[in-house]
Every structure is written in C-alpha cells, then in structure tokens.
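Asks: One structure is given below, represented as structure tokens, and several questions about it will come after.
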Amino acid sequence: MKILLDAMGGDKAPDANIRGAVSAINEVEAEVVLIGNERIINQKVKEFYGKTLKEISPRLSIYNTTETIEMEDIPTQAIKTKKDSSMVVGFNLLKQGYGDVFISAGNSGALLTGATLLVGRIKGVDRPALAGILPAYHGRLVLMDCGANTNCKPINLLQFAQMSSIYMHNTLGIDSPKIGLLNIGTEETKGNDLVKQSYKLLKKYSEDLNINFIGNLEGREAFLGNVDVVIADGFTGNVFLKTVEGLGKFVKKSLTESFMHSIWSKIGSLSSLPAIKRFSKVMDYKEYGGALFLGVQKPVVKAHGSSDEKLFKFTIKQAEQFVNNKAVDQLTEIYESEDNKKKMEEVKEYISKIQDN
C-alpha cells in the first residue's frame, strides 16, 4: 500500500508534514510518499534528522512538484491552473493508481473541488462530504458534513446519513449505527427549512435506506454515547466541530492552571494524574486523525489545517485503516447497485412533487 501525503499543504507545512510521516512510518506497514518540492523536503529532512529519507526508512520517498495551492487561493481556479501543485499531482497519482489514499491539510475548498473533478464522485452520490471523527462517551462519534458543503439540500443530508451509516457499519463494525440530525431542538417542527425538510426525508426513507434515524439532536446531547453519527450541512458542522475543539482546549488549559495554582494544589493533584492523563487523551482531537472524504471514487483524507506532527501521524495511521477496511469499495458497491438507484429515484420524485405543490 502507498499513502500519498501532500507535504506542502497546511499551516505548518512542510515541517509538520515531514515530521508526522517520519513519526508514523514505524507504526504503519504502508509506504509513505511525500508529494512536494524535493529540494525543500530534502533540506528539511537533513536539518531535522541529519540523514536522508531513505536512510530513515526505505518506505519513505518523495514525488517532486514545483507549485503549492495556498489557503487564500480560489479553489476552482487553483485546481485548474496549478497543475504541478502538490495537491493536484496527489489527486492525479491517486486516480492513476500510483497510490491507495491521498492525505492533505491544504485548502479545504480546493480539496473538495479536486476530489470531485479529478478523482470523481461515486455514481449516485450528489455531493461527497467530510466525515470527522470525534470523542464521545465510551466511544467515538462521526460528524458529517464537517466542512465540505456550506450550502446543502435535503437530499444531500439524506445521503450523508446513508453514507456515514454504511461507513460506521462496514468499517467500525457498529450494527445499525444511530443517526441524529443536528438541530436547535428535538421537536419535528424545530429548525430552519433545510433541517425540517431533511427530517421529513430521513423519517420517510430511513427504513428503505437502512438508516437508523433517531430524530433531531441538540448539540449538548451529541457526546453522551446515545448517538453514533451527527448529520449537518457543512457550515453548521464546521462551526460545531471548531467549537468542540476550542472547548476541549479550554478545559485542558483550565485544569492545568487549577492544579498548578499553588503548592497544595500541585501536591493534591498527584493522585489524580493517571485519571487526568486519560481525560486529556480522550479530549485531544489530535488522537482521532483527519476527516474522511466519503462519496469519491478513491480514498481521500482531509487533515486539520493546523495539523502538527502528532496529528499527521494519527492521520496517516487512520488512512491506512481506511484503505484496509475497503470503505470506498463498500460505498461504491451499495450506491451503484440497482436497488439503491431505484430508491434514490423514488426519493427525488418525492422531492419534486413536494416542490411542485
């Protein structure tokens, strides 16, 4: 297996990307290909480790590129004009079969555009989406969409629920994963038009599409272990995601300051250190890797824009698991089946009738 890593994408590139790959290489079986400016990467590796990538591991290599898509670039324009950027080259290598999964912490809009235009959607999927993994009580939680699609239609949220349900069942082994729709209240009448219409679709077609829809879900209930997947449009999901990450940092920082407040609090905290470390590990979003891009024909993983060495390491490990579990193959098989095509046609006919009325 080959993992393709965009070495030039992200706020801390290429340093964190390189360090993450080196840190992960002894914990994965795959080869890791760093895609980016060969001269810069070699210079950094020599500076960090005093040796070449091949001397560190024969499973580390570089694929040279000359351009980089920046965070401020216009996504569609960047994908079309920066043909030799680390992101565009990564997508093309993935499509050609040179690698098995592509990871990037770069421009999210460009990643969505490139994955859709260059790699291609699975037939039947209207919009691919990012499935982020978060901690939850005695388990993990999938948030979908967590940033790919800021403007959505009800059919998109219905498919997000179906795709995440397939992923959770086939990849994480959860039978009939519980799906909740993120809303400002649990009542069917709550929310904006998108959420209310999506609720109706999920309620009507959940059984036909094998979705265990449990209804609307308030944000405060998401992490209590009663739901496996939270469904939202990309705008709402991204705000929710970043709020959760910020809260985790706040709690960890506040706890640390409280225990360091005085000599007595330091002494008193000694017996609690194991529990504090376990709590910190659970709250650390870096432990959960990147967001899986579900709905495209090849495995793509979006790493956090501010990824450091640790987060790149976990994302690389996660990407290997993503490939091994054949998540994309399973999604493709179901979405391209005649049975699912027929069901989706029925859904779209129902939506057309509602709109006409």
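The values are calculated or read from the model by the stated rules, or taken from the named source; none is laboratory data. Computed from a predicted model, the values in this text were never measured in an experiment. Positions of Cβ are backbone-derived with ideal geometry, glycine not excepted, and every protein chain shown enters the neighbour counts.
Asks: Which pairs do you get when a residue that is among the charged types (D, E, K, R), found in the stretch 293-304, comes within reach of a residue that is part of a loop (DSSP other than H, G, I, E, B), reach meaning Cβ atoms under 6 angstrom, with the pair 6+ apart or on two chains?
Replies: Listed by first residue and then by second, the contacts come to LYS302/GLY290.
Asks: Among the listed residues GLU47, GLU72, which satisfies the condition of being of a type in the set (Asp, Glu), more than 17 Å from the chain's Cα centre (by Cα) and modelled with pLDDT of 95 or more?
Replies: Checking each option against the conditions leaves just GLU47.
Asks: Quick check on THR65: is it β-branched (Val, Ile, Thr) and over 13 Å from ASP6 (Cβ atoms)? Spell out how you get there, then give the answer.
Replies: Details: β-branched (Val, Ile, Thr): yes; over 13 Å from ASP6 (Cβ atoms): no.
For THR65, the condition - β-branched (Val, Ile, Thr) and over 13 Å from ASP6 (Cβ atoms) - is not met.
Asks: Would you point out which residue out of SER206, SER176, SER164 is assigned by TED's automatic domain parsing to the domain that holds PRO128 and surrounded by 23 or more Cβ atoms within 10 Å (Cβ to Cβ)? Quick ask: steps written out before the conclusion?
Replies: On the way: SER206 fails: surrounded by 23 or more Cβ atoms within 10 Å (Cβ to Cβ); SER176 fails: surrounded by 23 or more Cβ atoms within 10 Å (Cβ to Cβ).
Just a single option satisfies the conditions, and that option is SER164.
Asks: Of a type in the set (A, V, I, L, M), at pLDDT 90 or above and touching a strand residue (DSSP E or B) at 6+ places or on another chain (Cβ under 6 Å): is that true of LEU202 in this structure?
Replies: Working: of a type in the set (A, V, I, L, M): yes; at pLDDT 90 or above: yes; touching a strand residue (DSSP E or B) at 6+ places or on another chain (Cβ under 6 Å): yes.
So LEU202 fits the description; yes.
Asks: Exactly one of (1) at pLDDT 90 or above; (2) of a type outside the set (Phe, Trp, Tyr); (3) assigned by TED's automatic domain parsing to the domain that holds GLY9 is unmet by HIS304. Its number?
Replies: (1)
Asks: Can you give me the number of residues within the stretch 1-20 that are farther than 13 Å from GLU38 by Cα and touching a Pro at 6+ places or on another chain (Cβ under 8 Å)?
Replies: Matching residues across the stretch 1-20 total 0.
Asks: Go through the stretch 211-243 and report how many residues are over 15 Å from the mean Cα position of the chain (by Cα), modelled with pLDDT under 90 and not aromatic (Phe, Trp, Tyr).
Replies: Qualifying residue count for the region: 8.
Asks: Contact list please: Cβ distance under 7 Å, first residue in the stretch 305-332 and under 17 Å from GLY120 (Cα atoms), second residue among the β-branched types (Val, Ile, Thr) and surrounded by fewer than 23 Cβ atoms within 10 Å (Cβ to Cβ), pairs at least six apart or on different chains.
Replies: Going by the 7 Å Cβ cut-off, the qualifying pairs are ALA327/THR171; GLN330/ILE166; LEU331/ILE122; LEU331/ILE166; THR332/ILE122.
Asks: Still on this structure: Looking at LEU60, LEU93, can you tell me which residue is outside the structural domain of LEU331 (by TED's automatic domain parsing) and closer than 21 Å to LYS12 by Cβ? Reasoning before the result, please.
Replies: Numbers: LEU93 fails: closer than 21 Å to LYS12 by Cβ.
Just one listed residue meets the conditions, LEU60.
Asks: Name the helices (runs of 4 or more DSSP H) wholly within the stretch 1-77 that hold at least 3 residues that are crowded, with 18+ Cβ neighbours inside 10 Å and among the polar types (S, T, N, Q)? Let's see the steps before the verdict.
Replies: Working: elements: 15-24, 38-49, 53-56.
Here the list is empty.
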